[in-house]
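Readers should treat all values here as calculations from the given coordinates under stated rules, not as data from a laboratory. Note that the structure is predicted; figures quoted are calculated from it, not measured. No Cβ is skipped: glycine too gets one built from the backbone with ideal geometry, and neighbour counts run over all protein chains shown.
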Amino acid sequence: MTYFTEANARTAAEVIANYPRPRSAIIPLLHLAQEQEGWVTRDAMVEIAELTGATPAEILGTGSFYEMFKFHPVGRYVVNVCTNISCQLLGGEELLHHVEESLGVHAGGTTDDGMFTVEDVECVAACTEAPCFTVNYRYFHRADPDTFDAVVDDLRSGRSPLARGAQGDDGHVPAHGTLGRLRQHVPDDRRAGVVSPEEAGEAPVWLRPAPATAGDSDG
Amino acid sequence: MAEPTTVHPAGMDYVPHAAGFVANEGPKLLTSRFPYEDSYTLDRALATGAYVGLKSALGRAPDDVHAEVREATLLGRGGAGFPAGVKWGFCPEGVWPRYLVVNGDESEPGTYKDRLLMERDPHQLIEGCLIACYALGLSQCFLYVRGEMALAQERLATALNDAYAAGYVGRNVCDTDFSVDITLHWGAGAYIVGEETALIESLEGNRGMPRLKPPYFPAAIGLYGKPTIVNNVETLANLPWILEHGAAAYKGHGSEASPGTRLFAISGHVVRPGVYEVEQGVTTFRDLFYGDNFCRGIRDGNDLKAFIPGGASAPWFFEEQLDLPLEARDVGAAGSMLGSGAMVVMDHTTDIVKACLRVVRFFARESCGKCSPCREGTSWEEKILERILDGHGRPADLDLLLDIGENISPGPYPVAAHGSEGLDAVSFPPRQTTICPLGPSSVAPITSALRRFRSEFEARITRRDSLSVQAAPVAEGAPA
Ligand SMILES: Cc1cc2nc3c(=O)[nH]c(=O)nc-3n(C[C@H](O)[C@H](O)[C@H](O)COP(=O)(O)O)c2cc1C
Ligand code: SF4
Ligand code: FES
């Protein structure tokens, strides 16, 4: 019984091939697991351990260090409200209060219908656009309670709220777990190839003095 | 925004611009493509000179390219301001392979520039990575991007896919014998991973905890134990311009000690907050906060109370420091740092105790827990500040806070000169009992705020009955 779907198993193999050591793929594969189910399950950790040559405990050990990995189900939309200094100065805490009141859950909680999880988060690198919040890591800048209510309204009625979001992001908001709506893909014939640290190698070819070839006059 | 609000919730003048970037007057070395709606596409990039710097580099010997970067005195933009060309020289001879790790973890409160650079001009960053790999013989580049930045991930993924297909990345770059893969790597949410050795631990699949120094630079022993160059996104984004126009032209901008431009994010109580490309050295804090070309003053004509000059880790500055130039050396001598290029402006309405607690809470939450002065100390600091704010402070608490700080960072803590008390500045960086500078960073807001606004803390403690005391009781486990 395997955890990853056939398509995701192929993606996992491709991800692992990008790194000189498979363990480096642990975090990307945890994201992939979360993309598949919205959170990281035990089965996912067991399979990632097998794929990367680690133990399931090591996968949990690494994964639990990082805030984005959830080890229990969360809402379809994770709402992160920044309350750090720049946002605090311009009403981030009041915005969080409104979010909690209007959804009826405290930060850390999930609404009964499984739609929204609310988090009180640290700076999300939008400080000049304070106060701000993100929904599944899509940004909403210079937000106020009305912005938030409109976003919730959009999501509850199946519309994309991104037109209200930070300039330049559009399309739909994928369910929690899907971070990027597309991935890097390196075609085999374009790949330079990973260089393993185990190959006590020599300098890469472009650093080596060019070999003198016949008829090469100016060396 | 599609329907831009014209009135900011805080009553500020809101100009709907490119997600925070303000195209003010001045040289644009890094943001020249930003005003284009499609600045992130390969087509737009190629039409506006992308990969010209790379081709110029490929036409020269790798050592030559390194020499050009050293000559340009390109200072690292990740926080420490170490010259990139010098750091590159720390790779031990004859040890291969070598790797490049790009630090795109931007999480220091107040800091907003790398996300913009990745979202709006991914090809500029990719070109910078390629130039570094070519110059130093780096075999693979890992682009470590903060997990929370979904759009940046997508823009970089698309840009990489396009650049691979067009022959700029991968096997035989631009039909030369230079080949390198750039691997986009998603982080997963942890500020401490921005510290370069923690970044490497994370990339190896571990918890992101900093490594014990020495070695001081991963250039000696880094990823998988091999020589590794770690550079910030903005640092690398400067390389295409330098290689296209040359070090001499680069030094024509900014000051001698800090050439070129920097992206500064100015947030908080200013009229026009935003990300500005600014010439270093020749501009002052006052220019930035009050200048018509920049932030246009404090909101509602209010007075300045304090400002953070270089991200949450930096000791705070006040009115007296406004005329300092944006120059690492001067700012360091005055007791703080330009750090990550993040300035947070607080006007006179700011509740200093609250602001101080919020910054300290950040460090307490983000401490990785590897060393005890930081793991324990930051949470004690948080709990004490919390009880002061809640009206349960004790008279000894202020000295207790300073004492905890002393244990994390012994000796005089860097503080801005304080004319009214006849105190001189103690320069940055501080001494530390910890493995990395995160612990000492938590002391910065406390010493800054307490030195200057001690009476506001005392008022919370002695006049607590006049304050609202409906909040939580003393936090469990708070030190006596
Ligand atoms: C706690 C901590 C957090 C850091 N966070 C970042 C970060 O988010 N981005 C960054 O580029 N550098 C960060 N740094 C600095 C890096 O350790 C390193 O100095 C930098 O990436 C080197 O790049 P540069 O020389 O190009 O500036 C951080 C340092 C510390 C101690
Ligand atoms: S100072 Fe703090 S963040 Fe840095 S290693 Fe020690 S516990 Fe971790
Ligand atoms: S403080 Fe809220 S985004 Fe930086």
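Hey, which lysines would be in cross-link range of B:LYS113, C-alpha to C-alpha under 21 Å, not counting anything within fewer than 8 residues on its own chain? Output for B:LYS113: B:LYS28.
From the residues B:ALA333, B:PHE307, B:ALA265, which one has its Cα farthest along the dipole of the stretch B:261-347 in the positive direction, the dipole being from +1 and -1 charges on Cβ of Lys/Arg and Asp/Glu about the Cα centre? Farthest towards the positive pole: B:ALA265. In the protein assembly as shown, the calculated helix contribution to ellipticity at 222 nm averages -10500 deg cm²/dmol per residue, counting -39,500 (n - 2.57) for every DSSP H run with n ≥ 4. Once backbone amide H atoms are built at 1.01 Å from N, A:ASN84 has A:CYS123 as its partners under 5 Å, excluding neighbours fewer than 5 places away on the same chain.
Taking other C-beta atoms within 10 angstrom as a stand-in for reagent exposure, B:GLU127, A:GLU122 fall in the order A:GLU122, B:GLU127, fewest first. For the stretch B:182-275, which GluC sites (Glu not before Pro) pass both filters: DSSP loop (anything but H, G, I, E, B) and at most 12 other C-beta atoms within 10 Å? When the GluC sites (Glu not before Pro) of the stretch B:182-275 are filtered for loop state and at most 12 Cβ neighbours within 10 Å, B:GLU256 remain. Annotation: amide H-H contacts under 5 Å for B:GLY170 (H modelled 1.01 Å from N, sequence separation of 5 or more, or interchain): B:VAL180, B:ILE182.
With a cut-off of at most 12 other beta carbons within 10 Å, and DSSP calling the residue loop, which chymotrypsin sites (Phe, Trp or Tyr not before Pro) in the stretch B:149-258 qualify? Please list them.
Of the chymotrypsin sites (Phe, Trp or Tyr not before Pro), the ones in loops of the stretch B:149-258 whose Cβ has at most 12 other Cβ atoms within 10 Å are B:TYR216.
Proximity of backbone amide H atoms, modeled 1.01 Å from N, is registered between B:ASP105 and B:ARG146 at under 5 Å, excluding neighbours fewer than 5 places apart on the same chain. Between B:GLU256 and A:SER64, the FRET efficiency estimated from the beta carbon spacing at R0 = 51 angstrom works out to 0.60.
For every other residue with a beta carbon closer than 15 angstrom to the beta carbon of B:GLU108, add +1 if it is Lys or Arg and -1 if Asp or Glu, then tell me the sum.
-1
Let's test the formula: R0 of 51 Å, r as the Cβ-Cβ distance of B:LEU212 and A:ASP170. What FRET efficiency results, to the nearest 0.05? For R0 = 51 Å, the calculated efficiency reads 0.65. Here the calculated FRET efficiency for B:CYS174 and B:SER372, from their Cβ-Cβ distance with R0 = 45 Å, stands at 0.30, rounded to the nearest 0.05. Whole-Hz Karplus values for the stretch A:131-145 come out as x, 9, 9, 10, 10, 6, 6, 9, 7, 10, 9, 6, 8, 9, x Hz, taken residue by residue from phi with 6.51 cos²θ - 1.76 cosθ + 1.60 and θ = phi - 60°; glycine and proline positions read x. For the stretch B:272-307, the residues whose amide N sits under 11 Å from a probe point set 7 Å from the Cα of B:THR349 along the beta carbon direction are B:299-303.
Straight-distance candidates among the lysines for linking to B:LYS370, with alpha-carbon spacing under 22 Å and chain neighbours fewer than 8 residues away dropped: B:LYS213, B:LYS383.
Using the Karplus curve 6.51 cos²θ - 1.76 cosθ + 1.60 with θ = phi - 60°, work out ³J(HN,Hα) for each residue of the stretch A:71-79 in order, rounded to whole Hz, and write x for Gly and Pro. Result, ordered by residue: 9, 8, x, 10, x, 4, 10, 9, 9 Hz.
Mind checking the dipole of chain A: about its Cα centre, +1 per Lys or Arg Cβ, -1 per Asp or Glu Cβ, Debye to the nearest 20?
Taking the Cα centre of chain A as origin, the dipole is about 440 debye.
Derived scalar couplings between HN and Hα for the stretch A:174-183 equal x, 4, 3, x, 8, 8, x, 7, 8, 10 Hz in order, rounded to whole Hz, by the Karplus curve 6.51 cos²θ - 1.76 cosθ + 1.60 (θ = phi - 60°), x for Gly and Pro. For B:LYS305, the lysines whose Cα comes closer than 17 Å to its Cα, not counting residues fewer than 8 places off in the same chain, are B:LYS354. The length gained on full extension between B:ASP63 and B:ARG431, counted as 0.36 nm times the residue separation minus their Cα-Cα distance, comes to 128.8 nm.
Residues of B:259-267, mean number of Cβ from any other protein chain within 10 Å of their own Cβ, rounded to a whole number?
On the way: counts 0, 0, 0, 0, 0, 1, 6, 3, 11.
Partner-chain Cβ atoms within 10 Å, mean over residues of B:259-267: 2.
The length gained on full extension between B:VAL282 and B:ALA80, counted as 0.36 nm times the residue separation minus their Cα-Cα distance, comes to 70.7 nm.
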